[in-house]
Amino acid sequence: MHFLTSTPILLLQLTLFGALHGAKWTYTGAEGEHHWSKHYPYCGGTYQSPIDITPDLLRFDPTLSPIEVQNYNLSPTEQLTLGNNGHSVQISLPSKMHILGLPQRYTAAQLHFHWGSSSRPAGSEHMVNSKQYAAEMHVVHYNSDKYPNMSTAVDKSDGLAVLGVLIEIGEFNPAFEEFLKFISGIKFRDQRVQVPGFNIRALLPARLDEYYRYDGSLTTPPCYPSVLWTVFRNHVTISHKQFLALATTLYSSHAQDSAPVPLNSNYRKPQLPDSRVVLVSFKEGRGLHGTLTVTPPFMRKRVIQQLLVGDLADLADEGLYQLLPSGSKKLHAGKKNEQTEALAKPKQQTLNASPWKKSQTNHRHVGKFGLAEDSLCYVSLEQRVFHQLKQSHAESQLVQTLRDTVFPELNLKSYLSCKSDLALPTIRHILRGRPTDEATELDRSLTKALMNEKKTSTPVKHNVLMTDYRGLNPASVSRKPHSQGYPHPWLLPMEWED
């Protein structure tokens, strides 16, 4: 996603930014995407876009409402700027256009495209189940409730919201022809023409209620992790002739350059999921079998409150098994994209490449964590810290200190903010603060789980073997004890009572 807008002031700011940061970049070659992070550090950071939206990342979120676009049907008397910025075709959009259905009001700034080439008509940035489409359109909006303009919002964690539309070659699309018929006027970089306004809504899929939602970044330098992505489930089509207009008409070089450089295949390759989940607004469909629902914050608070001050026998008898490994959840060794929970309103992205995130919710933590605090994606932090320690051959004493004192506290905050699952060591950490026989007995059971003793049943052993600190997904476990007994033989109901 490219964040250029049509305002002269912003263009001047971007020119200055480029001069200060060595802004020349391309998709291939010496300035290609593998080298972006040399001049743009965020491009090598976390929570980057695009991603391959695979079934294992999906979580159904029933609170996601349909996207509502406002004032998208523009009058032909309104003039739009169609331009070639050297990286894409871009159309400026008037500020009266905005979208509803998000926590804040997001005002439209511009839309642009990514596409393949005539020899390889596959150029979408996002993939769905590893399928790449011919092209992709991004409609870029900024958070106008909090920021006065695009340039102020672009590097803020809640600054941008982008609608992603996947494009396939098929039927002729009259809406796309509204601007494609002017494309010969912007053959070279920095060329612009004025085009009459048209119905921007017609560029989108018919259904705006089915989509994928996740936190990510700009897909072009400087790659700020500031985007709340909405990628529509249903694609639109353009004709082969219309696709060729994109793929063969334009150049990324200036008109005066001696060797014209074609503008095509302008897409970034998929980035690592980085422990993110992709929320979906729909349940049915291929690849969605077993899609898990986000666990509500109130349920998490109730479990933690019970661990902190409640009756542990009742908890073990009625609820703790929901937090623990189950054979019904399949975890694969060596997999990089850990499964974690995400907020129903998930825009909590970090401003930089660290795992820390500012909580955007109003709920407050419970028990001794009584005040709302910054939250983080615990699983991502754990993965990266231990990877760094392993690379630096850190002393085991430091690792043990992190495991015993630091990470349980961070994981609890992260769990309460719906950013991570609750790890077994965190439960043990809470129990150590409760000097009761019940807590001691329960801690012994958890120790057995962590140590993978032979008494542990095979399905549980398979899960726990992965890592002591893997997040555990309450939503993936049955809400009722198995009829033939508890799903965890090492955690028997009320085993310590008289």
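Below is a table of values for the structure above.
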{"quantity": "Considering residues of region 173-197 that are of a type in the set (S, T, N, Q) and not in a helix (DSSP H, G or I) only, the residue nearest to Ala255 (Cα to Cα)", "calculated": "Gln191"}
{"quantity": "Residue match in region 266-279 (condition: within 22 Å of Ser130 (Cα to Cα) and among the β-branched types (Val, Ile, Thr))", "calculated": "yes"}
{"quantity": "One residue from Ser151, Ser184, Ser144 being in contact with a strand residue (DSSP E or B) (Cβ under 7 Å, 6 or more places away or on another chain) and small (Gly, Ala, Ser)", "calculated": "Ser144"}
{"quantity": "Complete set of residues in region 180-227 that are touching a Pro at 6+ places or on another chain (Cβ under 9 Å) and of a type in the set (Phe, Trp, Tyr)", "calculated": "Phe188, Phe198, Tyr211, Tyr214"}
{"quantity": "Close pairs from region 237-261: first basic (Lys, Arg), partner in a loop (DSSP other than H, G, I, E, B), Cβ under 9 Å, at least 6 apart", "calculated": "Lys241/Phe172"}
{"quantity": "Test set (1) part of a loop (DSSP other than H, G, I, E, B); (2) touching a residue at least 40 places away in the same chain (Cβ under 8 Å) - Ala161 fails condition number", "calculated": "(1)"}
{"quantity": "Residue within region 82-94 that is surrounded by fewer than 20 Cβ atoms within 10 Å (Cβ to Cβ), at pLDDT 95 or above and farther than 28 Å from Lys24 by Cα present", "calculated": "yes"}
{"quantity": "Qualifying residue in region 375-396 (condition: modelled with pLDDT of 65 or more, out of contact with any Pro (no Cβ under 8 Å at 6 or more places or on another chain), loosely packed, with under 14 Cβ neighbours inside 10 Å and not in a helix (DSSP H, G or I))", "calculated": "yes"}
{"quantity": "Residues satisfying the stated conditions in region 108-127, i.e. of a type in the set (Ser, Thr, Tyr) and either surrounded by 24 or more Cβ atoms within 10 Å (Cβ to Cβ) or in contact (Cβ under 8 Å) with a residue 60 or more places away in the chain (or both)", "calculated": "Ser117, Ser118, Ser124"}
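The values are calculated or read from the model by the stated rules, or taken from the named source; none is laboratory data. Computed from a prediction, not measured in an experiment: that's the story for all the values here. No Cβ is skipped: glycine too gets one built from the backbone with ideal geometry, and neighbour counts run over all protein chains shown.
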